[in-house]
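To keep things clear, I will list the structure first and then write my remarks on it.
The values are calculated or read from the model by the stated rules, or taken from the named source; none is laboratory data. Model, not experiment: these values are computed from the prediction. FYI the Cβ positions are ideal-geometry reconstructions off the backbone, even for glycines, and counts take in every protein chain you see. In case anyone asks, the SASA skips ligands and DNA or RNA and just uses the protein heavy atoms, side chains included. Shrake-Rupley method; radii C 1.70, N 1.55, O 1.52, S 1.80 Å.
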Amino acid sequence: MATGELREFRETGVIDAGRMRAIEENAVALGYPSLLMMESAGRAVADAVLASDPDRILILCGRGNNGGDGMVAARYLQHIDAVDVVYPECGSMTPSAAAQASLLRHCTAALHPVRCATDVKPLGRLFEEADVIVDAMLGTGASGAVREPLATLVAGANASPAPIVAVDIPTPGIRANRILSFHRPKVEGADVADIGIPLDAEIYTGPGDLLLVPARSPGAHKGAGGEVLVIGGGPYQGAPYIAAMGALRAGADIVRIASPAYIPMPDLIYERLEGKVITEEHLATILSLVDRTDVVVCGMGLGKESHDVVLAIAEAAERAVFDADALARPLPAAKRTIYTPHAGEFARMTGREPPADLAARARCVRGARTTGTVLLKGPVDVISDGARVRFNRTGTPAMTVGGTGDLLAGIAGALFCRLPAFEAAGIAAYVNGRAGMRAAEGRGCGMLATDMLDFIPEELFPV
């Protein structure tokens, strides 16, 4: 399917910094380099400045990529008689901003490096005489109070009679007469410039989405990565264990299995359930485990005789991933839920066969009327929380082997410990598909789901 047919699934409105960084990184992975994005952004700023036909322009830059946007704008404005660029000389610039600063030294714009507030005072005339001031000091990644010398630059800009154009997002404390954001608005009321980011960078999962996974604190203790409880097995023994190992490889610190089936695996904590299938007699034991866990992953190898137990588990769980035999009516729903059906399971849980056409398929998933996030597995996975839609195209035909869906549920469970449902599901689909592609490189269609395990952390936590 041509990407244009999926345009309706592009999100609109204000975007947060984390999501924007993910989209930019996905664009880089698709072949749109960050320097070219910066070039487009800076050109858009220059066009916005030229609209007021100024004679004197003052551009205030920081050390990050926001400052690099301002420096690109200065290059496109060098035909104006008076273009002054003020930037902090102390500290290191990002590589892209440093490249723009180096290039700007070959242009006619006047450069004014400053180290401290005292260095800014002799530049007072620039603020007084400017027809336009461009605020390119701090972008979406800024946090905390503005430090010197930027704080004095903010004060000088606020005292100037010139209108201020803020690049992407205003520096904290500055008065902005106009905000020019790129791709999507970062704050309400911003104008938006299209800088040519491919649609696929936003609607498909990619390596940029991994930036949303929280970094582990250096002082983290056991359990900081989350605790997952896998409930399944009985008729089928291996499925819950594959899911549990997927959760461990995806960063969960503690993974328990509650199952009638026992497979000795020293990395997992086994909670024995007597008998051949899970029944209501096991509920007291299971619910005590649910109370102490972060995420429940349920359904793999469970069989069709345990649905009343699944419904009771869902009612007690804060967060849960339901897969396989748990995907039956009435549909279980925890307080926050991820469902991971294949096409047949989706039809069973919703009463609707998902269409083959990808756009129609996505509309079907979005309209599934569940209270959670649905990850419909297929040649292209479709993820939706009923409002947003994301697609994932990683994977290989070799992943038709049994167990890869169980692995996906476990990965989603681990990520769900530290991420919202929609983000956890999308990243899980991406990582599971990438791990399958890596495993298939050496084994082709003889690949096993367990062959993918070692590649999960390599894809999810790249060094």
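Quote the charge dipole size of region 207-356 about the Cα centre in Debye, to the nearest 20; the model charges only the Cβ of Lys and Arg (+1) and of Asp and Glu (-1).
For region 207-356, the charge dipole is close to 280 debye.
Which lysines, on any chain, are close to Lys276 with Cα under 21 Å apart, when same-chain ones fewer than 8 places away are left out?
Cross-link targets: Lys304.
Whole number please: convex hull volume per residue, Cα atoms of region 341-457, in Å³. Show your work: numbers first, answer last.
Values: hull volume 10.7 nm³, N = 117.
So the per-residue hull volume is 91 Å³.
If I model region 27-127 as equal point scatterers sitting on the Cα atoms and use the Debye formula, what is log10 I(q)/I(0) at q = 0.21, 0.22, 0.25 Å⁻¹?
The computed values of log10 I(q)/I(0) come out as -1.07, -1.15, -1.37.
Mind jotting down the three principal axis lengths of region 225-384 based on Cα atoms? Whole angstrom, largest first.
Result, largest extent first: 44, 31, 27 Å.
List the residues, sorted by chain then number, that are 5 or more residues from Glu271 or on another chain and whose placed amide H is less than 5 Å from its amide H.
Ile257, Ala258, Ser259
Near the amide H of Val134, under 5 Å away, which other amide H atoms are found, from residues 5 or more places off or on another chain, if H is placed in the peptide plane?
Leu58, Ile59, Leu60, Val165
Size of the dipole of region 120-269 about the Cα centre, Lys and Arg at +1 and Asp and Glu at -1 on the beta carbon, nothing else charged, in debye to 20?
Charge dipole of region 120-269: 520 debye, to the nearest 20.
Let me know the volume per residue of the alpha-carbon convex hull for region 98-159, in Å³.
That works out to 115 Å³ per residue.
Which order, highest average first, do 6-16, 57-67 follow once you tally other Cβ atoms within 10 Å for each residue and take the mean per peptide?
57-67, 6-16
Over region 323-463, average the accessible area per residue using a 1.4 Å probe and give it in Å², no decimals. Spell out each step's value before the answer.
Values: 5360 Å² over 141 residues.
Ligands and nucleic acids excluded, the figure is 38 Å² per residue.
Suppose a student asked you for the relative contact order of region 333-463, using Cα pairs under 8 Å spaced at least 6 residues apart; what percent would you report?
Taking the mean separation of contacting Cα pairs over the length of region 333-463, I get 21 percent.
Residue by residue through region 305-320, what is 3J(HN,Hα) from phi via Karplus (6.51 cos²θ - 1.76 cosθ + 1.60, θ = phi - 60°)? Round to whole Hz and write x for glycine and proline.
Going residue by residue, I get 9, 10, 5, 4, 5, 4, 5, 5, 5, 4, 5, 8, 7, 6, 9, 8 Hz, with x marking Gly and Pro.
Counting each DSSP H run of 4 or more residues in the chain as -39500 (n - 2.57), what helix-only mean residue ellipticity at 222 nm follows after dividing by all residues, to the nearest 500 deg cm²/dmol? Working shown, then result.
On the way: 16 runs with 165 residues, N = 463.
Result for the chain, helices only: -10500 deg cm²/dmol.
Could you go through region 42-54 in sequence order and give the Karplus-derived ³J(HN,Hα) for each residue, using 6.51 cos²θ - 1.76 cosθ + 1.60 with θ = phi - 60°, rounded to whole Hz, and x for Gly and Pro?
Values, residue by residue: x, 5, 5, 5, 4, 4, 5, 5, 5, 4, 9, 6, x Hz.
Normalise the Cα radius of gyration of region 140-253 by 2.2 N^0.38 Å (N = residues in it) and let me know the number.
Normalised by 2.2 N^0.38 Å, the Cα Rg of region 140-253 equals 1.75.
Sorted by mean Cβ packing within 10 Å, highest first, what order do the peptides 224-232, 150-158, 418-426 take?
The most tightly packed comes first, giving 224-232, 418-426, 150-158.
Just going by the charge dipole of region 276-426, with Lys and Arg at +1 and Asp and Glu at -1 on Cβ, which of Ser306, Phe346, Ile278 is farthest out on the positive end?
Phe346
How big is the gap, in Å, between the Cα center of region 366-413 and the Cα center of region 288-330?
That distance is 18 Å.
Kindly identify region 39-79 as rounded, prolate or oblate by the Cα gyration tensor criterion: order the square roots of the eigenvalues as a ≥ b ≥ c, call it rounded if a/c is under 1.5, otherwise compare a/b with b/c, prolate if a/b is larger, else oblate.
In terms of gyration-tensor shape, prolate.
Where does the charge balance sit around Ala176 when Lys and Arg score +1, Asp and Glu -1, over other residues with C-beta under 14 Å from its C-beta?
Overall, the nearby charge balance is -1.
As I understand it, the value is the acute angle between the Cα axis of helix 150-159 and the longest principal axis of the Cα atoms of the chain; what does it come to in degrees, rounded to 10?
Rounded to the nearest ten degrees, it is 60.
Convert each backbone phi in region 186-193 into a coupling constant with the Karplus relation 6.51 cos²θ - 1.76 cosθ + 1.60 (shift: θ = phi - 60°), then list the ³J(HN,Hα) values in order as whole Hz, x for Gly and Pro.
9, 9, 4, x, 7, 7, 10, 10
Which of the aspartates and glutamates could be linked to Lys335 by a straight reach, that is with a Cα gap under 18 Å, when you skip same-chain ones fewer than 8 residues away?
Glu227, Asp291, Asp294, Asp308, Glu315, Glu318, Asp323, Asp385, Glu423
Taking the Cα centroid of region 66-112 and of region 131-187, what is the distance between the two, rounded to the nearest whole Å?
16 Å
For region 29-99, with the dipole built from +1 on Lys and Arg beta-carbon atoms and -1 on Asp and Glu ones, taken about the Cα centre, which of Ile80, Leu58, Tyr32 lies farthest toward the positive end?
The listed residue farthest towards the positive side: Tyr32.
Accessible area per residue for region 60-115 in Å², computed with a 1.4 Å probe and the full protein assembly in place, what is it?
41 Å²
How much of the DSSP beta bridge set in the chain is antiparallel, as a percent to the nearest 5? Mind dumping the intermediate values first?
Values: 7 of 54 bridges.
Taking every DSSP beta bridge within the chain, about 15 percent pair in antiparallel fashion.
At 4 °C and a viscosity of 1.567 mPa s, what translational diffusion coefficient does Stokes-Einstein give for the chain, taking Rh as the Kirkwood radius over Cα pairs? Give it in µm²/s as a whole number.
53 µm²/s
When ligands, DNA and RNA are left out and all protein chains stay put, how many square angstrom of accessible area per residue does region 152-305 have with a 1.4 Å probe?
Solvent-accessible surface per residue comes out at 42 Å².
What do you get for the angle between helix 238-249 and the principal long axis of the chain? Use alpha-carbon atoms, 0 to 90 degrees, nearest ten.
30 degrees
Carbon and sulfur: what percent of the chain's accessible surface (1.4 Å probe)?
51 percent
In degrees, nearest 10, range 0 to 90: what is the angle between the Cα axis of helix 65-76 and the longest Cα principal axis of the chain?
Helix 65-76 and the main axis of the chain meet at about 40 degrees.
Could you state how much accessible area Glu280 has, in square angstrom rounded to the nearest 10, with a 1.4 Å probe and all protein chains kept in place?
Number for this one is 120 Å².
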